[in-house]
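K.L.:
Pasting a structure below so you can have a look.
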Amino acid sequence: MLRSLAFVSVAALAHSANAISYFIDASSYISDWIPVNYTTEGNWPSSTLAAQQEIVKAADYWNQQGPWSVMNKSIIAPTGDPHDYLSWSPYWWPDCSNVHNTTELTQDQIMTQCNYYQRDGQFNPDRTLVNDTGSFAVLSSSVFYNVLAYRITGDDTYAGKASHLIDTWFVNNDTFMNPNLEYSQVIRGANGTKTGAHTGVLDLHCITKIVSGILVMRAMGAQAWTATLDSAMVEWTKKYLVWLTTNPIAMEEKAAKNNHGSFYYSQTASLQILVGDYTAATATLNEFYEGIYQAQITKTGEQPFEAERTRGYHYRSYNAGAVITLNRIADYLKAMNGWETKTSAGADIQDAVDFAMTVQPDDEGPTEAYPNIAAIASQYGDADGKYASFLASKEKTYPGQAWFFWNQPLSDSGLQVHIDDTGNILAGPGSSTNSASSSSATGSSNGNKNNGASSSVSSSGWMLMGAVAAGIATLL
């Protein structure tokens, strides 16, 4: 039975049939944008064959999960409408000293009677008891990889999977999400909020993956992506854009100077492209580059609004990923060159990533920066091998990572990698059936180009490199 946000007991939820248990790859943290022309044209370097295999394995893995929907939760918003998106602010923790209880508090009592306070960068583990955030993150990754797998293999089954996932979350009468984020990142407790926070707009930052996936399916004429589904998705998006561009919660997020603002702009511009409003999308990009972007990167390449946070290594990569996505959206529109756009200090995103490469990750996982480094190399060039050498020194299997496929041109540093039968990316040439250079495993090859990997690769035991536990998809 669905329960309202009176915060009734949810301790059993983690063990229920509706509890979400999965792993998500690090690229779920950072929004991305499939380079549409590169993907559809199909002239890919043969060095990307292992990465293609990894993409297909990723799609196969996610297709054993889902579909995901806002209906898959046992707690609902104060409206009583289960179609409303709901998440809890992840960095807020209970302080029950105000309760003066003499017996142990129940979960219900904690969430309703205790005051909550913020601990920046420290996740409250029970935030995933309601997990629309995690569901949307894996939905976006699943759509992303399924669309790429469709293009790589030519198998329309993958486009069908992506289309079904999109239909389930956005369109289907029984499972759709209402087009707003009124209850995203609600703060619980006696001192909590009854509606969401502006930071909750970030929860849908991964929607750029879905939008670019739809654009690829449109361009390829995927049979599964029907005119009816396309029209319904456009109508949902138009309604959401009204909320996103007028609601006070969204406007507060738009004004944020850090990654929150950057992701607001990437989300908005991508959706404006989806509905065919290229003029509005161009205006959104111009507003970003002429506005908050101007103060985001200093002359040295530092990102001051990210460096001041408790987990600076992560946040530098996070905002850089948002800017890279914005630049790729600008490339798609052919409206401006975001890569060469300078901040008021005369710096650009290459300077920011170069600086981030000098920062020690400490307790943070270093892999989050790698796709950004690959993107910079593919856009600015890597004549001296600085970027490829850095990646090779940190991750010997980087040519087998999925992101290596769409961040081209980028050298593989002469590294041979292969995908084993359980889906692990391993150094070395591997066997004739699993080697990245094997035509029997990866489809046809022609010189330095290829036409895609086989769809027959095994998905048994597959897990993306750098995977992390469910529920940490949104990092503020």
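The values are calculated or read from the model by the stated rules, or taken from the named source; none is laboratory data. This structure is a prediction, so every number in the text was calculated from the model and none was measured. Note that each Cβ is placed from the backbone with ideal geometry, even for glycine, and that neighbours are counted across all protein chains shown.
K.L.:
Filter the stretch 304-327 down to the residues that are polar (S, T, N, Q) and closer than 15 Å to Gln360 by Cα and list them by number. Even if it seems obvious, please write down each step before you answer.
P.N.:
Of the stretch 304-327, the ones polar (S, T, N, Q) are 310, 317, 319, 325, 327.
If the condition is that a residue be polar (S, T, N, Q) and closer than 15 Å to Gln360 by Cα, then Thr310, Ser317 are the ones that fit.
K.L.:
Looking at the stretch 343-361, which of its residues are touching a residue at least 24 places away in the same chain (Cβ under 8 Å) and more than 19 Å from Ile30 (Cβ to Cβ)?
P.N.:
Step one: filter the stretch 343-361 for residues touching a residue at least 24 places away in the same chain (Cβ under 8 Å), giving 343-357, 359-361.
Result: Thr343, Ser344, Ala345, Gly346, Ala347, Gln360.
K.L.:
With under 17 Å from Ser270 (Cβ atoms) and touching a residue at least 60 places away in the same chain (Cβ under 8 Å) as the only criterion, which of Ile249, Ile214 stands out?
P.N.:
Numbers: Ile249 fails: under 17 Å from Ser270 (Cβ atoms).
After applying the criteria, what remains is Ile214.
K.L.:
Regarding Asp81, is this residue assigned to a loop (DSSP other than H, G, I, E, B), modelled with pLDDT of 90 or more and of a type in the set (Asp, Glu)?
P.N.:
Numbers: assigned to a loop (DSSP other than H, G, I, E, B): yes; modelled with pLDDT of 90 or more: yes; of a type in the set (Asp, Glu): yes.
When the stated conditions are applied, Asp81 passes them.
K.L.:
Please determine, by comparing only the residues of the stretch 82-110 that are farther than 29 Å from Ala137 by Cβ and polar (S, T, N, Q), which one is farthest from the chain's Cα centre (by Cα).
P.N.:
Among residues in the stretch 82-110 that are farther than 29 Å from Ala137 by Cβ and polar (S, T, N, Q), the one farthest from the chain's Cα centre (by Cα) is Thr102.
K.L.:
How many of the residues in the stretch 283-301 are polar (S, T, N, Q), assigned to a helix (DSSP H, G or I) and farther than 16 Å from Asn259 by Cβ?
P.N.:
Taking the stretch 283-301 as the starting set, the residues that turn out to be polar (S, T, N, Q) are 284, 286, 294, 296, 298, 300.
When the remaining residues are screened for being assigned to a helix (DSSP H, G or I), the result is 284, 286, 294.
From the residues that got through so far, the ones that are farther than 16 Å from Asn259 by Cβ too are 284, 286.
Adding up the residues that qualify gives 2.
K.L.:
What's the total number of residues in the stretch 266-301 that are out of contact with any Lys or Arg (no Cβ under 6 Å at 6 or more places or on another chain) and without any contact (Cβ under 8 Å) to a residue 40 or more places away in the chain?
P.N.:
Let us first name the residues in the stretch 266-301 that are out of contact with any Lys or Arg (no Cβ under 6 Å at 6 or more places or on another chain), namely 266-274, 276-291, 293-301.
Narrowing further to those that are without any contact (Cβ under 8 Å) to a residue 40 or more places away in the chain: 268, 272, 277, 279-280, 283-284, 287-288, 290-291.
Count: 11.
K.L.:
Name the residues in the stretch 382-422 that are without any contact (Cβ under 8 Å) to a residue 40 or more places away in the chain, small (Gly, Ala, Ser) and either part of a helix (DSSP H, G or I) or more than 15 Å from Ala51 (Cα to Cα) (or both), would you?
P.N.:
Of everything in the stretch 382-422, those that are without any contact (Cβ under 8 Å) to a residue 40 or more places away in the chain, small (Gly, Ala, Ser) and either part of a helix (DSSP H, G or I) or more than 15 Å from Ala51 (Cα to Cα) (or both) turn out to be Ala383, Gly385, Ala388, Ser389, Ala392, Ser393.
K.L.:
State the number of residues belonging to the stretch 186-203 that are in a helix (DSSP H, G or I) and in contact with a helix residue (DSSP H, G or I) (Cβ under 6 Å, 6 or more places away or on another chain). Let's see the steps before the verdict.
P.N.:
So in the stretch 186-203, the residues in a helix (DSSP H, G or I) come out as 198-203.
Now drop any that are not in contact with a helix residue (DSSP H, G or I) (Cβ under 6 Å, 6 or more places away or on another chain), which leaves 198, 201-203.
Total meeting the criteria: 4.
K.L.:
If the requirement is being crowded, with 18+ Cβ neighbours inside 10 Å, aromatic (Phe, Trp, Tyr) and at pLDDT 95 or above, which of these qualifies: Tyr289, Tyr313, Tyr278? Lay out the reasoning, then the answer.
P.N.:
Working: Tyr313 fails: at pLDDT 95 or above; Tyr278 fails: crowded, with 18+ Cβ neighbours inside 10 Å.
Being crowded, with 18+ Cβ neighbours inside 10 Å, aromatic (Phe, Trp, Tyr) and at pLDDT 95 or above holds for just one of Tyr289, Tyr313, Tyr278, which is Tyr289.
K.L.:
Follow-up. Take the stretch 346-367 and flag every residue that is under 16 Å from Thr325 (Cβ atoms) and out of contact with any Lys or Arg (no Cβ under 9 Å at 6 or more places or on another chain).
P.N.:
Ile349, Gln350, listed by residue number.
K.L.:
I would also like to ask the following. Given the criteria more than 24 Å from the chain's Cα centre (by Cα), modelled with pLDDT of 95 or more and among the charged types (D, E, K, R), does Asp348 qualify? Spell out how you get there, then give the answer.
P.N.:
Working: more than 24 Å from the chain's Cα centre (by Cα): no; modelled with pLDDT of 95 or more: yes; among the charged types (D, E, K, R): yes.
So Asp348 fails the test.
K.L.:
Let me ask you something else. Would you mention how many residues in the stretch 177-232 are crowded, with 20+ Cβ neighbours inside 10 Å and either at positive phi or touching a Cys at 6+ places or on another chain (Cβ under 7 Å) (or both)?
P.N.:
Count: 2.
K.L.:
Tell me, please, whether a residue that is within 22 Å of the chain's Cα centre (by Cα), in contact (Cβ under 8 Å) with a residue 60 or more places away in the chain, outside any helix (DSSP H, G or I) and closer than 16 Å to Ala256 by Cβ can be found in the stretch 302-325.
P.N.:
The answer is yes; a qualifying residue exists.
K.L.:
While we're looking at this one, here's another question. Scan the stretch 107-115 and tell me whether some residue there is buried (at least 22 other Cβ atoms within 10 Å of the Cβ), in contact (Cβ under 8 Å) with a residue 60 or more places away in the chain, farther than 30 Å from Ala269 by Cβ and touching a strand residue (DSSP E or B) at 6+ places or on another chain (Cβ under 8 Å).
P.N.:
In the first step, residues of the stretch 107-115 are kept if they are buried (at least 22 other Cβ atoms within 10 Å of the Cβ); the result is 111, 114.
Still in the running and in contact (Cβ under 8 Å) with a residue 60 or more places away in the chain: 111, 114.
This time we only want the ones that are farther than 30 Å from Ala269 by Cβ, so: 111, 114.
Keeping just the survivors that are touching a strand residue (DSSP E or B) at 6+ places or on another chain (Cβ under 8 Å) gives 111, 114.
So far as the stretch 107-115 goes, yes, one or more of its residues are buried (at least 22 other Cβ atoms within 10 Å of the Cβ), in contact (Cβ under 8 Å) with a residue 60 or more places away in the chain, farther than 30 Å from Ala269 by Cβ and touching a strand residue (DSSP E or B) at 6+ places or on another chain (Cβ under 8 Å).
K.L.:
I would also like to ask the following. Does Ile297 meet the test of being buried (at least 18 other Cβ atoms within 10 Å of the Cβ), in contact with a helix residue (DSSP H, G or I) (Cβ under 6 Å, 6 or more places away or on another chain), closer than 30 Å to Ile214 by Cα and not charged (D, E, K, R)? Step through it out loud before you land on a result.
P.N.:
Working: buried (at least 18 other Cβ atoms within 10 Å of the Cβ): yes; in contact with a helix residue (DSSP H, G or I) (Cβ under 6 Å, 6 or more places away or on another chain): yes; closer than 30 Å to Ile214 by Cα: no; not charged (D, E, K, R): yes.
In short, no.
K.L.:
Based on this model, can you work out whether Glu235 counts as of a type in the set (Asp, Glu), in contact (Cβ under 8 Å) with a residue 24 or more places away in the chain, surrounded by fewer than 24 Cβ atoms within 10 Å (Cβ to Cβ) and in a helix (DSSP H, G or I)? Spell out how you get there, then give the answer.
P.N.:
Working: of a type in the set (Asp, Glu): yes; in contact (Cβ under 8 Å) with a residue 24 or more places away in the chain: no; surrounded by fewer than 24 Cβ atoms within 10 Å (Cβ to Cβ): yes; in a helix (DSSP H, G or I): yes.
Answer is no for this residue.
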